[in-house]
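A short write-up of the structure that comes next.
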Amino acid sequence: MRQQLGLDRPWLEQYGLFLKRLVVGDEHGWPGFGISFQSREPVLDGLAERLPQTLALALGAGVLWLVLGVGIGVAAAVRRRTLVDRAALGFSLLGVSAPVFLVGLLSLFLFWKTLGWLPGTGYVPFSESPREWFLHLVQPWLVLALLFAASYARMTRASLLDALGEDFVRTARAKGLSERRVVWRHGLRAGLALIVTMLGMDLALLVGGAVVTEKVFNLQGVSSWAVDAALGQDLPPVVAVTLVGAAAIVVASLIVDLAYAWLDPRVRLA
C-alpha cells in the first residue's frame, strides 16, 4: 500500500508527484486527487457527489442574508435612534450571539417536529424533485441567513451612515432628488464596497466551512465529508476540500474586484 500511494519515496518526490497529478490528472480524471484511504473510491467522484449540496446551501443562504441584512441595515440607518434602529441592533446582537447548532436544532423542533410545515434532515437532488430540494434547504438557509444577516445589518448601517454624510449626498438632496433615490441610488451604492467584500469571502469560506449546518441538517456536503475524513486520517479528501475552498476564495476575490468597478465609478476612472 505504501508503494502504491508513493509513501515510500522522498518527500520532495511525493510533493512533485502530487503537483503533477493535480495539474495533469490521474487515472480517475482531472484534477488528480487520488483515492480515499477508507472507501477506496476516487476522491473526485466523492467531491462531485457532495459539492452540489454545499454550493446550494451557500448560494441560497447568501441571497437570503444579503437581502435581509442590507434591508435591515438601511432601515436602521434611515431611522437612526428610533425604535426601528433599536430593533435592528437587537436583531444583530441576537444573530451574532446565537450558536448555529442551537438555532438549527430549535428550527427542526419547531418547523419539523411540532408544526410539520417542513421536512426534516437530508438532501434531495434538484433533478429528482425541485420542490423537495427547496423544502429540504429552507431551514438550513434560514439558519445561516440569521447568523450572517445580523453582521451584514450592522455593517450596512455603519457604511450607509458614513455615506449619507458625504458631500455628493448633500448635493443630490440639494438637486431635489427624492430621499428614496438618494438613499438607494447614491448612499447605499457608495457604501456597498465593504458589503460586497464580506459577501465574496463569506460565500467562499462556506464552500469548505459549513460543517455545523451540514451536520445538523444531514446535508452530506463537502465540509462534513472533510471533517469525517480528518477524524479517520483519510488525507486525500481533506486535501481535495482544502484546494476547492482555496480556489473558491481566489474566484470570489476576482469577482469582488470586478464588482468594485461597477459599484464605484472612481475605480473605473483610476
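The values are calculated or read from the model by the stated rules, or taken from the named source; none is laboratory data. Being a predicted model, the structure only gives us computed values, none of them experimental. Note that each Cβ is placed from the backbone with ideal geometry, even for glycine, and that neighbours are counted across all protein chains shown. Accessible surface is based on the protein model in full, side chains and every heavy atom, while ligands, DNA and RNA are left aside. Shrake-Rupley method; radii C 1.70, N 1.55, O 1.52, S 1.80 Å.
Between Arg180 and Leu93, take the C-beta separation as r, use R0 = 41 Å, and let me know the FRET efficiency to the nearest 0.05.
0.90
Within 15 Å, Cβ to Cβ, of Leu93, how many net charges do the neighbouring residues add up to if Lys/Arg are +1 and Asp/Glu are -1?
Residues close to Leu93 contribute a combined charge of +2.
Enter the Cα centre distance for the pair segment 22-82 and segment 91-131, rounded to the nearest angstrom.
Their Cα centres are 18 Å away from one another.
With the chain treated as a Gaussian network of Cα nodes joined by springs under 10 Å, which of Leu106, Leu89, Leu115 yields the largest mean-square fluctuation?
Looking only at Leu106, Leu89, Leu115, the biggest GNM fluctuation is shown by Leu115.
What shape does the chain take by its C-alpha gyration tensor, where a ≥ b ≥ c are the square roots of the eigenvalues and a/c under 1.5 counts as rounded, a/b above b/c as prolate, and the rest as oblate?
Cα axes put the chain in the oblate bin.
Stokes-Einstein at 4 °C, 1.567 mPa s, Kirkwood radius from Cα pairs: D for segment 1-103 in µm² s⁻¹?
71
Under a 5 Å amide H to amide H cut-off, with H placed in plane at 1.01 Å, what residues pair with Ile35 once short-range neighbours are removed?
Amide H neighbours of Ile35: Val43.
Report, to the nearest whole %, how much of the accessible area of segment 31-115 belongs to carbon and sulfur atoms, 1.4 Å probe, protein only.
71
Under 5 Å between amide H atoms, partner at least 5 residues away or on a different chain: which partners does Gly221 have, H built in plane at 1.01 Å?
none
When the chain is treated as a GNM, springs tying every alpha-carbon pair under 10 Å, which of Leu235, Leu64, Leu177 comes out with the largest mean-square fluctuation?
For the chain, modelled as a Gaussian network with Cα springs under 10 Å, the answer is Leu177.
Quick one: among Ala145, Ala61, Ala48, which has the greatest mean-square fluctuation in a GNM of the chain with alpha-carbon springs under 10 angstrom?
Ala48
Highest mean first, how do 12-25, 67-80 rank when packing is the count of other Cβ atoms within 10 Å averaged over residues?
67-80, 12-25
Can you give me the long-range amide H partners of Asp26? Hydrogens built in the peptide plane at 1.01 Å from N, cutoff under 5 Å, separation of 5 or more residues or another chain.
Gly32
Enumerate the calculated ³J(HN,Hα) couplings along segment 126-131 in order (Karplus 6.51 cos²θ - 1.76 cosθ + 1.60, θ = phi - 60°), each rounded to whole Hz, writing x wherever the residue is Gly or Pro.
Going residue by residue, I get 4, 5, 7, 7, x, 5 Hz, with x marking Gly and Pro.
Compute the helix-to-body angle for 222-231: its Cα long axis versus the longest principal axis of the chain, expressed 0 to 90° and rounded to tens.
Tilt relative to the chain: about 50 degrees.
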